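The values are calculated or read from the model by the stated rules, or taken from the named source; none is laboratory data. Quantities reported herein were computed from a predicted structural model and do not represent experimental measurements. Neighbour counts are summed over all protein chains in view; Cβ atoms, including those assigned to glycine, are modelled from backbone coordinates with ideal geometry.
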Amino acid sequence: MTVEVRLPTLLRPSAGGAASVTLDGATVGEVLQDLERAHPALAGQVLTADGSLHRFVNVYLNDDDVRYLDKLDTKVGEGDVVSILPAVAGGAS
């Protein structure tokens, strides 16, 4: 399946400045692996060396957080949108 992957500002320099890219895969994990193949500078920024999602990265399929679906095994369909967002922590004391 071909899906759009939307990148946060922080990752765009590693993807040639693109705000979004079109990639292939049957699952979210496959799409993210394709992202790293297409843009090697992103290696290690979204997925860990063992292929799991980095702790401080949130991934959404359309509007659903993949942590509450099938995680990286979540199936994608033609025209779906995968959004990568950095986790935000902290706050005022």
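In the stretch 79-93, what residues are loosely packed, with under 14 Cβ neighbours inside 10 Å and not β-branched (Val, Ile, Thr)? Quick ask: steps written out before the conclusion?
Initially, the stretch 79-93 is screened for residues loosely packed, with under 14 Cβ neighbours inside 10 Å, giving 79, 87-93.
Passing the criteria: 79, 87, 89, 90, 91, 92, 93.
Inspection of the stretch 68-78 identifies at least one residue that is surrounded by 14 or more Cβ atoms within 10 Å (Cβ to Cβ), out of contact with any Phe, Trp or Tyr (no Cβ under 6 Å at 6 or more places or on another chain), in a helix (DSSP H, G or I) and modelled with pLDDT of 95 or more.
For the stretch 21-31, state whether one or more residues are assigned to a loop (DSSP other than H, G, I, E, B) and either modelled with pLDDT under 95 or surrounded by 12 or more Cβ atoms within 10 Å (Cβ to Cβ) (or both). I'd like the intermediate steps shown before the answer.
Step one: filter the stretch 21-31 for residues assigned to a loop (DSSP other than H, G, I, E, B), giving 25-26.
Next, from what is left, pick out any that are either modelled with pLDDT under 95 or surrounded by 12 or more Cβ atoms within 10 Å (Cβ to Cβ) (or both): 25-26.
Within the stretch 21-31, one or more residues are assigned to a loop (DSSP other than H, G, I, E, B) and either modelled with pLDDT under 95 or surrounded by 12 or more Cβ atoms within 10 Å (Cβ to Cβ) (or both).
From the list 50, 34, the one residue that fits, being without any contact (Cβ under 8 Å) to a residue 12 or more places away in the chain, assigned to a loop (DSSP other than H, G, I, E, B), charged (D, E, K, R) and farther than 17 Å from residue 87 by Cβ, is 50.
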